[in-house]
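Peer 1: Supplied in structure tokens, the structure appears directly below.
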Amino acid sequence: MGDDTATLSQPKSDKPNSETTIAVDLPERRYDIVIGEDLLATAGERLAAALPRARYAVVSDSNVAALHLAPLKASLERQGSFLGSAVVAPGEATKCFPVLAKLCETLLDLGVERGDCVIAFGGGVVGDLGGFAASILRRGVRVVQMPTTLLAQVDSAIGGKTGIDTKQGKNLIGTFHQPSLVLADVAVLSTLSEREFRAGYAEVAKYGLLGDEPFFAWLEQNWGDVFSGHDGKRRHAVETSARAKAEVVVADEREESGRRALLNLGHTFGHALEAFAGYSDRLLHGEAIAIGMRLAFTYSVEHGLCPPEDAVRVEKHFAAVGLPTEIAAIPGDKPTTGELLRLMAQDKKVKGGKLALVLARGIGQAFVEDDVAMDRLTEFLKKECAGR
Ligand SMILES: NC(=O)c1ccc[n+]([C@@H]2O[C@H](COP(=O)([O-])OP(=O)(O)OC[C@H]3O[C@@H](n4cnc5c(N)ncnc54)[C@H](O)[C@@H]3O)[C@@H](O)[C@H]2O)c1
Ligand SMILES: O=C(O)C(=O)C[C@@H](O)[C@H](O)[C@H](O)COP(=O)(O)O
Ligand SMILES: [Zn+2]
């Protein structure tokens, strides 16, 4: 990450109809991320070329299906490769065992065979759930990710993490199942609500915060155009983020070396907050991790690891775009320190009972602290839960 720095102030792709392909160069599991426009209408032809002989079952949610399924379906039908669609309810609560079970049975009823393929067509919820179903159906069928939210295009569709939530915590049941292809049609982002766009933007900012200060500085200057879609800057933000994610995934596919864990910046706090809020639209994933990233920077400052002015920049930028930064911003009841610590203890980075946190030595300089002192964390959370 950071290799793109020389070109950050100059968006690479201002031509709206150009296409960008980013290779996720995993040995034995290489695939492409194609970013462009009009990809829904041409998906059938592209898939016929990339995965010959496969037939496709589309998993989507009811919002996305109503808005965007028709051109995708028509394109697959032209190739004679459309098996049918399975449409789930929108929202985080869909990432659960009962919906997973029902989805797997629907996919079997649609006749998905070992050589066929699931298309996860939606945001991160559909991507995680559909990817998980594909990974266990007949012991594993292929999945193509067609992300329709900003968050999914820059993050969840790439890298193969799939899963569902339980009351114990977020994404605690799941698999690694890399997609065979990612088709990110940026045109569909125009129907996304502002709140959902903003939540996805938190993951965009994350790439700057964890390893690419010039990208964060570019976002500070250009976020308005990223939101409005003006001047190719949204596209630049999507491409820079997707490249950053691909690079990390290639370096550490299964989060073993510590490199991929950096993508978890803000997530140990954020996932606990999402679980506390009951996986509901009280707190979206991107909103939770915005609070989590601010907490990670403040914690880093309080422990003498990070210059205070960097934490101020994070907080100011999130406030400027309208992302929450405080636990107090969660509507309704607030978590206690004890509740948060109990939920954080379920984090998948915990080893030997010890919590690990992604902290920062500054903007663009995240690292994994894998022996967090519980007394210091407790004191910190007490202050944060009380509203600082
Ligand atoms: N696997 C990973 O690596 C990874 C990475 C980041 C986040 N995630 C997961 O992703 C999930 C969040 O994903 P999300 O933010 O995309 O939420 P989401 O999938 O719930 O989508 C957000 C909302 O936008 C709607 N929507 C989607 N596309 C639309 C479009 N083009 N136009 C209009 N409405 C549209 C959906 O119906 C939904 O209501 C969380 O469960 C999170 O844990 C996974
Ligand atoms: O791809 C990853 O690795 C990430 O950590 C990306 C995160 O944005 C994403 O929310 C992921 O699902 C969190 O992973 P988890 O292993 O903590 O569930
Ligand atoms: Zn995330």
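The values are calculated or read from the model by the stated rules, or taken from the named source; none is laboratory data. This one's a predicted model, so the numbers in the text were calculated from it and none came from an experiment. In this analysis, Cβ positions are derived from the backbone assuming ideal geometry, glycine residues included, and neighbour counts consider all displayed protein chains.
Peer 1: Where in segment 158-251 are there strands (runs of 3 or more DSSP E), lying wholly inside it, with at least 1 residues that are among the aliphatic types (A, V, I, L, M), modelled with pLDDT of 95 or more and crowded, with 24+ Cβ neighbours inside 10 Å?
Peer 2: Here the list reads 181-185.
Peer 1: Something else: Among the candidates Gly160, Gly169, which residue alone is within 16 Å of ligand 3 (Cβ to nearest atom) and out of contact with any strand residue (DSSP E or B) (no Cβ under 8 Å at 6 or more places or on another chain)?
Peer 2: Gly169
Peer 1: So which residues in segment 184-201 are away from ligand 3 (no atom under 16 Å from the Cβ), out of contact with any Pro (no Cβ under 8 Å at 6 or more places or on another chain) and touching a residue at least 40 places away in the same chain (Cβ under 8 Å), if there are any at all?
Peer 2: Asp185, Val186, Ala187, Val188, Leu189, Thr191, Leu192, Arg195
Peer 1: While we're on this one: Consider Gly140 carefully, then state whether it is modelled with pLDDT of 95 or more, within 12 Å of ligand 2 (Cβ to nearest atom) and not aromatic (Phe, Trp, Tyr).
Peer 2: Taking the combined requirement at face value, the residue does not satisfy it.
Peer 1: Hey, another quick one. Looking for whichever is within 20 Å of the chain's Cα centre (by Cα), modelled with pLDDT of 95 or more and within 23 Å of Leu103 (Cβ to Cβ) here; the options are Val59, Val34. Which one fits?
Peer 2: It is Val59.
Peer 1: Something else: Of the residues Ala320, Ala311, which is crowded, with 18+ Cβ neighbours inside 10 Å, outside the structural domain of Gly169 (by TED's automatic domain parsing) and under 26 Å from Trp218 (Cα atoms)?
Peer 2: None of the others qualify; the one that does is Ala311.
Peer 1: I'd like to check something: does segment 349-362 contain any residue that is assigned to a strand (DSSP E or B) and small (Gly, Ala, Ser)?
Peer 2: The answer is yes, given that some residue of segment 349-362 is assigned to a strand (DSSP E or B) and small (Gly, Ala, Ser).
Peer 1: Please tell me if Leu273 is buried (at least 23 other Cβ atoms within 10 Å of the Cβ), modelled with pLDDT of 95 or more and in a loop (DSSP other than H, G, I, E, B).
Peer 2: Answer is no for this residue.
Peer 1: If Gly91 satisfies all but one of (1) touching a strand residue (DSSP E or B) at 6+ places or on another chain (Cβ under 7 Å); (2) surrounded by fewer than 18 Cβ atoms within 10 Å (Cβ to Cβ); (3) of a type outside the set (Ser, Thr, Tyr), what's the number of the condition it fails?
Peer 2: With (1) touching a strand residue (DSSP E or B) at 6+ places or on another chain (Cβ under 7 Å); (2) surrounded by fewer than 18 Cβ atoms within 10 Å (Cβ to Cβ); (3) of a type outside the set (Ser, Thr, Tyr) applied to Gly91, the lone miss is (1).
Peer 1: Mind telling me which of the residues Arg294, Arg342 ends up being of a type outside the set (A, V, I, L, M, F, W, C), under 20 Å from the mean Cα position of the chain (by Cα) and not in a loop (DSSP other than H, G, I, E, B)?
Peer 2: The conditions single out Arg294.
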